[in-house]
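These notes concern the structure reproduced below.
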Protein chains: 2
Amino acid sequence: MPNGKQKQSKLTLVHTRETSVGIVERQFAHFDTPLRLRSGGVLENFTIAYETYGTLNADKSNVILICHALSGDSHVAGYYTDDPDEAPGWWDEAVGPNKMFDTNRYYVICSNVIGGCRGSTGPSSLAPDGKPYGLRFPIITISDMVEAQRHLLDRLDIPKLFAVGGGSMGGMQALQWAVNYPERVENVLFIASTPRSSTQNIAFNEIGRRAIYADPNWQRGDYYDRPEKPDAGLAVARMIGHITYMSEYSLETKFGRNLQNRSQLAYTFDTEFAVESYLQYQGEKFVERFDANSYLYITKALDYYDVSEGYSTIYDALRKTNANFLVVSFSSDWLYTDKQARELVDPLRRLKKNVEYQRVKASFGHDSFLVEVETMTELVGGYLDRMWKKKSRPNKKNG
Amino acid sequence: MPNGKQKQSKLTLVHTRETSVGIVERQFAHFDTPLRLRSGGVLENFTIAYETYGTLNADKSNVILICHALSGDSHVAGYYTDDPDEAPGWWDEAVGPNKMFDTNRYYVICSNVIGGCRGSTGPSSLAPDGKPYGLRFPIITISDMVEAQRHLLDRLDIPKLFAVGGGSMGGMQALQWAVNYPERVENVLFIASTPRSSTQNIAFNEIGRRAIYADPNWQRGDYYDRPEKPDAGLAVARMIGHITYMSEYSLETKFGRNLQNRSQLAYTFDTEFAVESYLQYQGEKFVERFDANSYLYITKALDYYDVSEGYSTIYDALRKTNANFLVVSFSSDWLYTDKQARELVDPLRRLKKNVEYQRVKASFGHDSFLVEVETMTELVGGYLDRMWKKKSRPNKKNG
């Protein structure tokens, strides 16, 4: 996670088992009902991996669904074991008692997206014929991810979400929830996201995919029974992505032109600059936990994303939404920019929807949503608190 | 070249043989004197490919050296043959009669950089043992490129440059000329460039190199006698680079979310979006004319570049320069930003050097320096004209 030294020590403080939500368990929901996809494809059966935090209240009114980004999974917070070396979930600072998503009050659910590789059905899963899908897996979209989550909520007998939210691709899912199921969503948290992938967004993703295609171990996606995986291509794809998550400022302050384990230039092709070593590490670490085909499918879902898809305009797409919206963008985020956030805020305002837009001055680029814990706790936690209190006083006038 | 429709038609108008400098010939200067490199390495002998345009005047006072960028070569303008399908040199709009670099007045020289693959000695050249250098080629720096050019000018018996200039990596060479040979440079044209590669600059280059290393056909640089070249890796590297040359605006206006040869989403991994097709084409076209090892060596030279290298501060590096500087940056250039241009302008000003800084409002990102022909002609051509007239009236007071 890219962050300055000061921030790092803060995060370390937060990352203690004492303040954590504790031990959690990954659960699996299996569905024998078909999942019909936007592409026209169908998954005859599928599994969704998910985790829950906190306690569902009696009237089931305290549910928050957190949607993860490209490389995330259902393990948003807490620990699986007592192993003191175990790292907590990917947004542990945000989910737990008295945190941004306060598990003393809310019942938090997070599931791995359909197409993923962290427990939910994806291209690495076994198809009905007993072999991994590979490229036989159908193309999925953000709307399909939402549909899979909707099946999960039905299974859990949860009719309505107090809030659905997430950063980056998570924000897209949250928005799509409000569009697809207006009566089931009270609040949308749309953070460091975009209602429509830009040309540059598509371009970066396509280059990442090209890096995977170019790896001879990719074998057109049919590599699961081979000893060599397309790790080199996937690592390059991850490095490309990683650069877009960091601001110029993050890179300059964290690495500058510092050399790695040397005091002067070596003039070789070995890793010389600290930033090279960092990117290489990011790539290597990523291939240990991620499937190259899932990377292809999920980046395609990102590229396809345009909330107005299937409607004639974005206004038509948003018109029937019934949620309140909190939109947060970060000034140094050049992946999903302020401008892209406003592509959602402006039509929502013109449609007289209830939308609060916060542009946060932050230095750490796209990753700010994970790094700026204090600001986010104030903004998102504060917003949820206000909305919660508002709905708990139904006799008072809203607004 | 990334540019809007309107600009394209303009360029087409400019690209006629009538306004061109005409037929030019690539020449080669062979040197049996050793080229001693910053890295400590030595090239016992080397060749520099170069071209000239216009006529050298009697007192040799009208010489302009143009330095090319990462993927350029000595063929800056004109045509090699009468073939009507032949494309002109890479900056044909800029070099010719009555153009930015007016060949009616100036004698223009452009040479391929040492380490390149377009006629000058580089990793694809034969080493003294008769086999291609490959990775045995020594690491080169921007300063070494300048030193090779200095050998060429000595061979051509040209003591002094009226101007040395270029965009991007060409600007680095121009700046380094003024630092290494203060008495031989009258004017520096530093365009869309930086006195120091940033962390992000290094990061993008490193990912490009990783894409090449990851290609099994790269064979640690020893691929010249093999049927398969590391084309796939080089193409990915080029695509990564290409994105950094274009602004978000360029991409949005040129491609948006337009589909390639389709009217609706196909939901496949085939090329669907126009921007994907464009990048793929850029990659494929590039591998036809460029050597993967040269790409590695030249990007390393870019990453090493810091004009203060070998000095304690940038002030010390610039103190003994004797040239006038024109610094041009483009508002939408996110590869070499305004901020980076000012990293040169500010110390030059504090050192009371003669520097003119032009920040151009331009939409086309880094490539603006090639695309914004009219603005550039006015700025750069106008600057040269003023400097030329100033030096032709030695009795008048300067300034």
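The values are calculated or read from the model by the stated rules, or taken from the named source; none is laboratory data. Not measured: the values here are computed from a predicted model. Methodologically, a virtual Cβ is constructed for each residue, glycine included, from the backbone with ideal geometry; neighbour enumeration extends over all protein chains shown. These accessible areas exclude ligands, DNA and RNA; they are computed on the full protein's heavy atoms, side chains included. Shrake-Rupley method; radii C 1.70, N 1.55, O 1.52, S 1.80 Å.
Of note:
- Hey, residue A:259 over 18 Å from the mean Cα position of the chain (by Cα), within 12 Å of another protein chain (Cβ to nearest Cβ) and open to solvent by less than 10 Å² (accessible area, probe 1.4 Å) or not: no
- Selection from the range B:238-256 of residues that are β-branched (Val, Ile, Thr) and at the interface with another protein chain (Cβ under 7 Å from one of its Cβ atoms): B:240, B:243
- Filtered by the rule that a residue be assigned to a loop (DSSP other than H, G, I, E, B) and open to solvent by 30 Å² or more (accessible area, probe 1.4 Å), the range A:97-118 gives A:97, A:98, A:104, A:105, A:117, A:118.
- When residues of the range A:356-389 are limited to those that are hydroxyl-bearing (Ser, Thr, Tyr) and within 20 Å of residue A:345 (Cβ to Cβ), the one surrounded by the most Cβ atoms within 10 Å (Cβ to Cβ): A:368
- Among all residues of the range B:126-134, there is none that is in contact with a helix residue (DSSP H, G or I) (Cβ under 7 Å, 6 or more places away or on another chain), of a type in the set (Ser, Thr, Tyr) and open to solvent by less than 50 Å² (accessible area, probe 1.4 Å).
- Of the candidates B:346, B:306, B:316, B:338, the single residue that is within 17 Å of the chain's Cα centre (by Cα) and either without any contact (Cβ under 8 Å) to a residue 60 or more places away in the chain or closer than 30 Å to residue A:271 by Cβ (or both) is B:306.
- Conditions (1) surrounded by 23 or more Cβ atoms within 10 Å (Cβ to Cβ); (2) within 19 Å of residue B:66 (Cβ to Cβ): number failed by residue B:296: (2)
Quick grid of which residues meet (1) farther than 17 Å from residue A:71 by Cβ; (2) among the charged types (D, E, K, R); (3) at pLDDT 95 or above:
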| site | (1), (2), (3) |
| --- | --- |
| A:238 | no, yes, yes |
| A:256 | yes, no, yes |
| A:283 | no, no, yes |
| A:289 | no, yes, yes |
| A:300 | no, yes, yes |
| A:303 | no, yes, yes |
| A:326 | yes, no, yes |
| A:329 | yes, no, yes |
| A:338 | yes, yes, yes |
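- Per-region count, the range A:189-212, residues out of contact with any Pro (no Cβ under 9 Å at 6 or more places or on another chain) and more than 7 Å from chain B (Cβ to nearest Cβ): 12
- Failed item in (1) closer than 25 Å to residue B:298 by Cα; (2) more than 10 Å from chain B (Cβ to nearest Cβ); (3) among the polar types (S, T, N, Q), with residue A:277 passing the rest: (2)
- Residue pairs whose Cβ atoms lie under 9 Å apart, separated by 6 or more positions or on different chains, with the first residue in the range B:19-44 and within 14 Å of chain A (Cβ to nearest Cβ) and the second assigned to a loop (DSSP other than H, G, I, E, B) and small (Gly, Ala, Ser), are B:38/B:310; B:39/A:266.
- Of all the criteria given as (1) open to solvent by 10 Å² or more (accessible area, probe 1.4 Å); (2) within 14 Å of chain B (Cβ to nearest Cβ); (3) within 19 Å of residue A:168 (Cβ to Cβ); (4) within 20 Å of the chain's Cα centre (by Cα), the one not satisfied by residue A:290 is (2).
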